[in-house]
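Below: the structure, in structure tokens.
A short reminder: the numbers here are calculations on the coordinates, not readings from a lab. None of the values given here were measured: they were computed from a predicted structure. For neighbour counting, all protein chains shown are included, and Cβ atoms are generated from backbone atoms with ideal geometry for every residue, glycine included.
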Amino acid sequence: MNQADAFHYPNRMGRIILDSMEEALGQNGLRAILNLAGRADLIAQPPPDDSKLEFPFRDISGLMSQLESAYGPRAGRGLALRAGRAAFKYGLREFGPQLGVTENAFRLLPLGLKIRSGGQALAGLFNRDTDQRVRIEERDGKLLWVIERCPLCWERQTGAPACHLAVGLLQEALYWVSSGKIFDVEETLCVAKGDPACIIEINRTPLA
């Protein structure tokens, strides 16, 4: 197996990404992106709903790349953010009990502790069930979501951070955890533009 095919998401997470993109783009939009990415086969036969590690990073990255190519960088970014927010919704339905974030004990925690423990639980899910590698850091009052092996920009080269779907997912996660508050979430470093890791900074003080 060559490096391009070495790393995967489970099929179930691949389905979540496709469902989320369809919510953001519409059915025809998703079909167009799958055709451009050379994965028209996924239109008729999406990944099975199982935990086998068979959805390649290169396909995830290819979908994100074609999204920007088809719609332009700005609109593509907006659509990827929308898909990321939808992905949290679908992912919570699938993995919420496993993460422990739907328990009453979690919901009753102070907000700062919910953000920290929820982030650690989400990172643990990726590290345990996927080939993605994530760690949480705290610096200057911010929580850093550090992706050391990232499927969204896998083998891409861009002039700006490109992991917009992850930003959208974290935005929605924070909105849900805080019962409707909005946080500043920004990707500051990205492997696609030559940085050693993809780093998403979260200001733990809500904007609204």
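Quick rundown of the values:
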{"quantity": "Rounded tilt (10° steps) of 111-129 against the dominant C-alpha axis of the chain", "calculated": "30 degrees"}
{"quantity": "Among ILE33, LEU144, ILE43 - extreme Cα towards positive end, dipole of the chain, charges at beta-carbon", "calculated": "LEU144"}
{"quantity": "Amide H partners (placed H, <5 Å) of ARG149, local residues excluded", "calculated": "ARG133"}
{"quantity": "Helix 11-25 vs. the chain, principal-axis angle (Cα, 0 to 90°, nearest 10)", "calculated": "90 degrees"}
{"quantity": "Percent breakdown of C-alpha pair distances by 5 Å bin, ordered from the shortest bin, for the range 76-173", "calculated": "3, 12, 20, 25, 22, 12, 4, 2, 0"}
{"quantity": "Sequence of TRP154, TRP176 once ranked by neighbouring C-beta atoms within 10 Å, starting from the fewest", "calculated": "TRP176, TRP154"}
{"quantity": "Descending semi-axes in whole angstrom, ellipsoid equivalent of the range 1-80, from the Cα gyration tensor", "calculated": "21, 15, 11"}
{"quantity": "The chain, relative contact order [Cα under 8 Å, separation at least 6], %", "calculated": "21 percent"}
{"quantity": "Violating pairs (Cα-Cα greater than 29 angstrom) within the set LYS89/LYS142; LYS142/LYS193; LYS114/LYS193", "calculated": "LYS114/LYS193"}
{"quantity": "Max mean-square fluctuation residue, GNM over the chain, Cα-Cα springs under 10 Å, options LEU113, LEU99, LEU30", "calculated": "LEU113"}
{"quantity": "Mean shadow area of the range 122-208, taken as a quarter of the surface of its Cα convex hull (nm²)", "calculated": "5.6 nm²"}
{"quantity": "Cα-based helix-to-principal-axis angle, 164-177 vs the chain, degrees rounded to 10", "calculated": "30 degrees"}
